Amino acid sequence: MADQIAKLTDVEFGTELPAFDPDTSLENVRRFGKYVGWGGGRFTDHEAARKEGFPGAIIPGVMSQGFLGAMIHRWAPTAQIKIIDTIFRAPVMVDQPHKITGVVTNIEEDDNEVEIDITITNEANETRVQGTATIQLPA
Amino acid sequence: MDDDIQAIRDQFLNQEFDEIKLEIDGQRFAEYSKACGELDEKYTDPNHADFQAPPTFVATLVGRRNLPEDFPQLNGVGMDAGKAVEWIAPIRDKMTLTGKSHLHDIYTKTGRSGRMVFLVTRMELYSEDGTHVANADTRTVIRERPSG
């Protein structure tokens with residue numbers, strides 16, 4: 001498993017991307033809320049989130065999707081993400097460790113494109129978010 | 001396809017229901033990038049020669065409404081089921097985009113707890129010169145309450 005790749009020929013079917021541990025800290029989510037939006041209590045305050053019926057504060061879905069994009073760019077800095085589709089299966093909890101893993105599922109050599117399946121799991125190895133991405137790489 | 005869903009599809013699919021101007025703020029997408037863990041300075045440093053928003057950033061751009069004004073009230077609570085983005089061209093600091101929204105898909109899935117209705121709202125984003133730069137989809141699921 002290479003830490004980084006630069007071009008299409010560096011990629012093989014089944015290649016695993018380096019796992020990425022996103023920053024799910026309350027401090028980071030509050031910063032996201034301040035500058036980007038999604039600063040409501042369910043995202044930035046554990047007690048407020050519990051009052052809404054959640055086990056604690058949750059990561060905004062748009063931030064989870066951003067984690068997936070960052071993971072791809074860390075692995076393939078020359079890649080252009082063309083499409084990224086994200087399914088929110090369950091909340092990603094603030095202040096809890098999560099891991100993002102990815103695997104190459106298809107390579108279209110004619111278009112220099114690679115398809116990747118990406119998953120965010122919690123410490124119990126439960127899937128919280130699933131994504132698929134199509135990226136384009138230099139030949 | 002259930003008759004009621006087909007009727008909604010026939011009436012609402014691909015009909016534009018919202019248009020909004022969106023001013024792109026480079027500091028906002030730089031902070032978004034840093035919070036999400038981006039390391040490439042073209043996403044995080046406003047002084048970088050190729051400074052631009054990461055493709056997923058467009059999911060944070062929202063219109064004035066998520067559904068047409070006359071869309072029927074469905075019997076259930078809506079939840080955010082997912083986001084999809086399609087990158088077409090770079091989005092940069094101080095661009096003014098036009099976001100045009102329509103319902104892109106309506107479909108159902110039936111599980112043990114009953115029927116779920118999925119609504120896919122697509123915002124198409126255009127630059128000032130009319131270039132189509134991105135699509136941002138929001139997938140909402142409505143888990144219907146049992147009737148009776």
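The values are calculated or read from the model by the stated rules, or taken from the named source; none is laboratory data. Since we're looking at a predicted model, the values are computed, not measured. With ideal geometry, Cβ positions are generated from the backbone for all residues, glycine too; neighbour counts draw on all protein chains shown. Only protein heavy atoms, including side chains, enter the accessible area calculation; ligands, DNA and RNA are left aside. Shrake-Rupley method; radii C 1.70, N 1.55, O 1.52, S 1.80 Å.
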query = Just a yes or no: is a residue in segment B:86-102 part of a strand (DSSP E or B), open to solvent by 40 Å² or more (accessible area, probe 1.4 Å), free of Cβ contacts under 8 Å to residues at least 60 places away in the same chain and of a type in the set (Asp, Glu)?
reply = yes
task = Answer yes if at least one residue in segment B:132-141 is more than 18 Å from B:LEU22 (Cα to Cα), under 17 Å from the mean Cα position of the chain (by Cα) and open to solvent by 20 Å² or more (accessible area, probe 1.4 Å), and no otherwise.
result = yes
query = Limited to segment A:1-22, what total is found for residues that are in a loop (DSSP other than H, G, I, E, B), surrounded by fewer than 18 Cβ atoms within 10 Å (Cβ to Cβ) and in contact with a helix residue (DSSP H, G or I) (Cβ under 8 Å, 6 or more places away or on another chain)?
reply = 3
query = Is it true that some residue in segment A:50-73 is more than 20 Å from B:THR56 (Cβ to Cβ), open to solvent by less than 30 Å² (accessible area, probe 1.4 Å), more than 9 Å from every other protein chain (Cβ to nearest Cβ) and assigned to a helix (DSSP H, G or I)?
reply = no
query = If you take the residues in segment B:23-39 that are touching a strand residue (DSSP E or B) at 6+ places or on another chain (Cβ under 9 Å) and more than 7 Å from chain A (Cβ to nearest Cβ), which one is least open to solvent (accessible area, probe 1.4 Å)?
reply = B:ILE24
message = Looking for something open to solvent by less than 10 Å² (accessible area, probe 1.4 Å), in contact (Cβ under 8 Å) with a residue 24 or more places away in the chain and over 14 Å from B:TYR32 (Cβ atoms) - is there at least one such residue anywhere in segment A:33-47?
response = no
query = If you take the residues in segment B:40-62 that are more than 10 Å from chain A (Cβ to nearest Cβ) and among the charged types (D, E, K, R), which one is farthest from B:THR96 (Cα to Cα)?
reply = B:GLU41
query = Within segment A:75-82, is there a residue that is of a type in the set (Val, Ile, Thr), within 10 Å of chain B (Cβ to nearest Cβ) and either buried (at least 24 other Cβ atoms within 10 Å of the Cβ) or farther than 30 Å from A:THR9 by Cβ (or both)?
reply = no
task = Consider B:ILE88 carefully, then state whether it is within 12 Å of chain A (Cβ to nearest Cβ) and in contact with a strand residue (DSSP E or B) (Cβ under 9 Å, 6 or more places away or on another chain).
result = yes
request  = Identify all residues within segment A:88-106 that are surrounded by fewer than 18 Cβ atoms within 10 Å (Cβ to Cβ) and assigned to a strand (DSSP E or B); write none if there are none.
outcome  = A:LYS99, A:THR101, A:VAL103, A:THR105, A:ASN106
query = Can you tell me which residues in segment A:83-96 are under 30 Å from A:GLU27 (Cβ atoms) and within 14 Å of another protein chain (Cβ to nearest Cβ)?
reply = A:ILE84, A:ASP85, A:THR86, A:ILE87, A:PHE88, A:ARG89, A:ALA90, A:PRO91, A:VAL92, A:VAL94
key: Of the criteria (1) open to solvent by less than 30 Å² (accessible area, probe 1.4 Å); (2) farther than 21 Å from A:MET71 by Cα, which one B:LEU67 fails   = (1)
task = Return yes or no: is A:GLU108 of a type in the set (D, E, K, R), more than 9 Å from chain B (Cβ to nearest Cβ) and touching a Lys or Arg at 6+ places or on another chain (Cβ under 9 Å)?
result = no
query = Which residue out of B:ARG28, B:ARG9 is part of a helix (DSSP H, G or I), within 20 Å of the chain's Cα centre (by Cα) and closer than 28 Å to A:THR24 by Cα?
reply = B:ARG28
